[in-house]
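Remarks on the structure that follows.
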């Protein structure tokens, strides 16, 4: 089983990302179960605006798309700005929109029999909404979203510290993230054993 | 396999519900696959405000809750008002919130190994958001949301006819609803064969 | 100048409402500026399902509607469940939906030249989204939403104490609430002095 | 009075933008009232990721920010992808996030006494949600959102034609857009005559 994580922080490498720190908890739990993991920091790449799978010269999306489709498990990780997902996360979802009309050899949308979950961090508030938006987009494309396949960290009300600046709530975010990893893996395995069948031809 | 549908129209029986008409397509596809179905029209029942599983005198939720938990597949159906789910739908989600802390004999949240999908109708616009809100809530509680497990009908921009007043887009809503039924059933079966395991004790 | 507050808690009077406690800060700031205030606890009333201004026998909405339209300033106050507004809040918005097609003597939608803001409380997360949903609905109907006309309190991540159980963040919620009151009043006064004109006849 | 429009299409100039076509209706109505207008097609500019007002080398945001702050009226225009605002629109909002802590000479947040509205286009569904998200973000920053200060065009259910490919619903989108222009201008004028006062010092 393979997992791909997409960290949608606004900070380019090697700047430290709070989102990365929380994401590592989920990935660590997957690795301990034998899952191979791969991580993309999206902002390090040129992801052209558009909704096709290849927007031409300089577009690095085609190579990222291959890495995404090599994995049965997708973990989208986003910071929260204005109570919403990052623009980098939205860009990734837009490019994945093309998957709506791409099918595998059996005629199934390419996202079928894959599972997705989320990791959300913020200085204030908004994780539930960000999770609903990301999972809503991925579900639209065809990903299955296992129950409780997310974790988050923030600390309202109003602006406050970042995840790495405090210990507040870390235990909850960690145990929730480990449960998310277990749920993602269990549903990915269930679908591997009994895939959504091809449509009647 | 059993499915429960909750029609969250604002109209009491026996008034005709557009949402019911579209819901019937999804349920019909499930019945043809041998699924037993049960339907609740929520507004016909007294569902008390609150977030516990029994709000006392006159509260009809405990009996509805039993019917919901008797099914592996949940289909939430809602009209769209102001681009949002109905108040009846939100009331049902609030009462299901109690399931967050209710576990089965093996210590798993009661919603685990169940799947959920949506049916949304409207005179204007908003289905994607309603689907994200409903599925976000149900995923929070523990339901798994199979890829593309929803259908909808509306016809923007601005106010317009209801589903039963026109043929516009019915083919798309029907074929999307039938695909939703197939996806709900496939993931429900995959989880029945390989359930999310109990947490380590 | 008059203000109407609608507390959309799920708790019936006289049970203590956290939302009420935060709402009182905004109303207190308005009273100090000479604004007359009136408060509805919506769950204490029978507000029938529907989207007309009078749903018949037993519907208490018509009297509430009169109180809402007697005020130039509206403050909607809601708790947060599953990261979303309460079902009681959504019910109020649904009934206000009828105002979309109701006009004053000059042909303007009845909500024009009125302003609206929000107060949101929660045990966890979701205030930004609840504010966007409530203000989005009220703006759809015709209310003007002054900049920063809201306050909120919560304390993620995960479940935690209620507003009245802790002092965490109270200062921020209070000063933000007082600024919201000032902004609501300033824009209400600006519109009273220079109303949105009637449509050309 | 001056208005700035930000077209958040994913298409670079000179490709034809459906969003531009609907935006022109709102801007045309403003021009007829003597408003000076300026339009930014955001995707034609390098807008660096980040949440400060200047992200350094190559960042074109500082010049765009000047144009935005030269106007009392802001019209954000976005296409709809997956039922959500475009990534370009989210990027603009993120950069405007810095305005939260920027004040004018009197100590007011720079967005105070400015008004904002929306234009949304799509092939399917989602305008209400996009409007709520954009206006929610702008309101967070301090913009006042006049009642009914938006228009949209789409045509669900499911994928369909673009705005410029059909006449369906154009009349509604046009008259709604003209009303939006009138409401934006009326509230901008009311605030110019009676601004939100500076905070007590």
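The values are calculated or read from the model by the stated rules, or taken from the named source; none is laboratory data. Fair warning: this is a prediction, and the values are worked out from it, not measured in the lab. Using ideal geometry, Cβ is built from the backbone for each residue, glycine included, and neighbour counts are taken over all protein chains shown.
Could you grab me the full set of residues in the stretch A:51-74 that are closer than 20 Å to residue A:133 by Cβ and either without any contact (Cβ under 8 Å) to a residue 60 or more places away in the chain or touching a helix residue (DSSP H, G or I) at 6+ places or on another chain (Cβ under 6 Å) (or both)?
A:51, A:73
Do you know which residues across the stretch A:5-23 are away from every other protein chain (no Cβ under 14 Å), touching a helix residue (DSSP H, G or I) at 6+ places or on another chain (Cβ under 9 Å) and surrounded by fewer than 22 Cβ atoms within 10 Å (Cβ to Cβ)?
The one that is away from every other protein chain (no Cβ under 14 Å), touching a helix residue (DSSP H, G or I) at 6+ places or on another chain (Cβ under 9 Å) and surrounded by fewer than 22 Cβ atoms within 10 Å (Cβ to Cβ): A:16.
Of the residues D:177, D:156, which is within 14 Å of chain B (Cβ to nearest Cβ) and at pLDDT 95 or above?
D:177
Here's the yes/no breakdown for (1) over 26 Å from residue C:185 (Cα atoms); (2) modelled with pLDDT under 95; (3) within 11 Å of another protein chain (Cβ to nearest Cβ); (4) in contact with a strand residue (DSSP E or B) (Cβ under 7 Å, 6 or more places away or on another chain):
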site	(1), (2), (3), (4)
C:48	yes, no, yes, no
C:69	no, no, no, no
C:89	no, no, yes, yes
C:92	no, no, yes, yes
C:105	no, yes, no, no
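Filter the stretch D:69-92 for residues that are farther than 23 Å from residue D:18 by Cβ and under 13 Å from the mean Cα position of the chain (by Cα) and give the result.
Across the stretch D:69-92, the qualifying residues are D:69, D:71, D:72.
Could you say which residue among A:71, A:116, A:98 is surrounded by fewer than 24 Cβ atoms within 10 Å (Cβ to Cβ) and under 14 Å from residue A:6 (Cα atoms)?
That would be A:71, the only listed residue that is surrounded by fewer than 24 Cβ atoms within 10 Å (Cβ to Cβ) and under 14 Å from residue A:6 (Cα atoms).
Residues of the stretch C:1-50 being more than 16 Å from residue C:177 (Cβ to Cβ) and without any contact (Cβ under 8 Å) to a residue 12 or more places away in the chain, which ones?
The answer is C:14, C:15.
Identify all residues within the stretch C:116-139 that are under 15 Å from residue D:146 (Cα atoms) and within 10 Å of the chain's Cα centre (by Cα); write none if there are none.
Across the stretch C:116-139, the qualifying residues are C:116, C:117, C:134, C:135, C:138.
Taking the condition within 14 Å of chain A (Cβ to nearest Cβ) and closer than 21 Å to residue B:130 by Cα, does residue C:79 pass?
When the stated conditions are applied, residue C:79 passes them.
I'm checking my understanding of the structure. Among residues of the stretch A:153-167 that are part of a loop (DSSP other than H, G, I, E, B) and crowded, with 24+ Cβ neighbours inside 10 Å, which one is farthest from the chain's Cα centre (by Cα)?
Only one residue tops the list, namely A:157.
Determine whether the stretch A:190-198 contains at least one residue that is over 26 Å from residue C:154 (Cβ atoms), more than 7 Å from every other protein chain (Cβ to nearest Cβ) and not in a loop (DSSP other than H, G, I, E, B).
Yes: one or more hits.
Given the structure, is residue D:176 free of Cβ contacts under 8 Å to residues at least 60 places away in the same chain, out of contact with any helix residue (DSSP H, G or I) (no Cβ under 8 Å at 6 or more places or on another chain) and within 30 Å of residue C:185 (Cβ to Cβ)?
yes
Run down C:136, C:126, C:147 and say which single residue is at positive phi, crowded, with 24+ Cβ neighbours inside 10 Å, at the interface with another protein chain (Cβ under 7 Å from one of its Cβ atoms) and at pLDDT 95 or above.
It is C:126.
Of B:182, B:186, B:111, B:190, which residue is more than 12 Å from the chain's Cα centre (by Cα) and touching a residue at least 60 places away in the same chain (Cβ under 8 Å)?
The conditions single out B:182.
Here is a check on your reading of the model: is residue D:88 farther than 22 Å from residue C:138 by Cβ and buried (at least 24 other Cβ atoms within 10 Å of the Cβ)?
So residue D:88 passes the test.
Would you mind finding the one in A:29, A:42 that is within 18 Å of the chain's Cα centre (by Cα) and under 23 Å from residue D:44 (Cβ atoms)?
After ruling out the rest, the residue left standing is A:42.
Among the residues of the stretch C:121-152, which ones are farther than 18 Å from residue A:128 by Cβ, in a helix (DSSP H, G or I) and touching a helix residue (DSSP H, G or I) at 6+ places or on another chain (Cβ under 6 Å)?
C:137, C:141
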